[in-house]
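Working notes, beginning with the structure itself.
The numbers here are math on the coordinates, done by the rules we state, and not lab data. Keep in mind that this is a model prediction, so the values were computed, not measured. Counting neighbours? That spans all protein chains shown, and the Cβs are built from the backbone with ideal geometry, glycine included.
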Amino acid sequence: MLEIKNLHVKIAEDDTEILNGIDLTIPKGEVHAIMGPNGSGKSTLAYVLAGKNDYEVTEGSISWNGDDITELDPDERAAAGVFLAFQYPIEIPGVATMTFLRTSMNAVRKARGQDELSTPDFMRVVKAKAKELNIKDDKLKRPLNVGFSGGEKKRQEILQMSLLEPTLCVLDETDSGLDIDALKIVAEGVNALRGPERAMLVITHYQRLLNYIVPDMVHVLSEGKIVRSGGKDLALELEKSGYAEYGEAAA
């Protein structure tokens with residue numbers, strides 16, 4: 001279970017507070033969505049969960065499976081099961097995709113006390129999962145994300161998530177830049193990972209993603225606070241009415 005209690009966060013280099021008292025609980029086996037206007041703190045919440053050091057937690061705590069992870073480094077959180085899918089996955093020239101995947105996978109397995117995969121076993125696993133996501137072999141031979149379209153980058157990231165087997169998946173606007181076909185494929189990859197031991201937090205502006213990744217709960221984030229929570233129908237309501245009223249509610 002993810003438990004966020006009274007979380008206050010500022011930018012590390014100044015006193016600008018972005019999150020000012022978030023309380024959120026996501027049980028294992030559930031998918032929760034965070035929606036809200038630009039500048040409400042959605043991506044900041046995703047980065048803080050992953051341990052990005054550009055931000056400072058000034059109050060509150062984050063726990064996963066009963067363990068406080070507020071002060072853990074990103075690699076320690078990854079070993080604990082946390083995975084962040086970025087809004088804009090970066091290109092890394094000079095780093096082969098397969099090398100990146102194998103190094104990441106074996107590092108996490110080692111940290112969890114598991115045996116590293118042999119090259120043949122790794123190749124079998126990667127090719128099987130890549131096929132499910134319509135990732136062709138030639139894409140696996142390129143430098144990481146170099147020359148990829150937005151949809152191809154997102155598929156690669158879902159492939160990484162599938163291989164690393166996280167128990168807490170944070171998806172930061174994973175629908176950005178995707179056409180409808182790519183969105184369906186990425187959503188199918190995400191849905192395939194849903195299970196009783198895994199929690200997911202899906203961050204999005206738009207309801208259309210939630211047609212394919214149907215959440216158990218939807219939360220509205222405005223001005224650094226969660227100002228409303230409800231079932232999946234709340235996303236449909238937001239699509240119709242927008243976020244204007246929530247600026248006032250959070251003030």
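Near LYS127, once Lys and Arg are set to +1 and Asp and Glu to -1 for all other residues with Cβ below 15 Å from its Cβ, the sum equals +4.
For the chain, DSSP calls about 60 percent of its internal beta bridges antiparallel. FRET efficiency for the THR119 to LYS240 pair, using the beta carbon distance and R₀ = 45 Å, is estimated at 0.30.
With respect to the chain, whose longest principal axis is taken over its alpha-carbon atoms, helix 180-192 is tilted by about 90°.
In loop segments of segment 135-212 as defined by DSSP, the trypsin sites (Lys or Arg not before Pro) with at most 12 further C-beta atoms inside 10 Å of their C-beta are LYS136, LYS141. With contacts taken as Cα pairs under 8 Å and at least 6 residues apart, segment 143-219 reaches a relative contact order of 36 percent.
Using alpha-carbon pairs under 8 Å, 6+ residues apart, how would you state the relative contact order of the chain in percent? Relative contact order here is 28 percent. Packing here is the average count of other Cβ atoms within 10 Å per residue, and on that basis the peptides 174-182, 66-74, highest first, run 174-182, 66-74. For the residue pairs LYS28/LYS136; LYS154/LYS232; LYS153/LYS232; LYS129/LYS232; LYS154/LYS240; LYS5/LYS42, the alpha carbons lie more than 21 Å apart in LYS28/LYS136; LYS154/LYS232; LYS153/LYS232; LYS129/LYS232; LYS154/LYS240. Considering only ILE62, ILE18, ASN38, the residue lying farthest towards the positive end of the dipole of segment 6-159 is ASN38, judged by Cα position with unit charges set on Cβ. Which of rounded, prolate, oblate describes the chain, given a ≥ b ≥ c as roots of the alpha-carbon gyration tensor eigenvalues and a/c under 1.5 marking rounded, otherwise prolate only if a/b is larger than b/c? Because a/c hits 1.5 or more and a/b exceeds b/c, the chain counts as prolate. Overall, the ratio between the Cα radius of gyration of segment 1-89 and 2.2 N^0.38 Å, rounded to two decimals, is 1.03. Per residue of the chain, the DSSP helices (runs of n ≥ 4 H) give a summed -39500 (n - 2.57) that works out to -11000 deg cm²/dmol at 222 nm. When the Cα positions of MET98, ASN6, ALA85 are compared along the charge dipole of segment 4-150, MET98 comes out farthest toward the positive end, with charges on each C-beta of Lys, Arg, Asp and Glu. Among 212-224, 121-133, sorting by the average number of other beta carbon atoms lying within 10 angstrom of each residue, highest first, gives 212-224, 121-133.
In this rough spin-label picture, where each label sits 7 Å from Cα along the Cβ direction, the THR25-ILE90 distance is 3.7 nm.
Counting only alpha carbon atoms, the long axis of helix 97-111 and the longest principal axis of the chain meet at about 70°.
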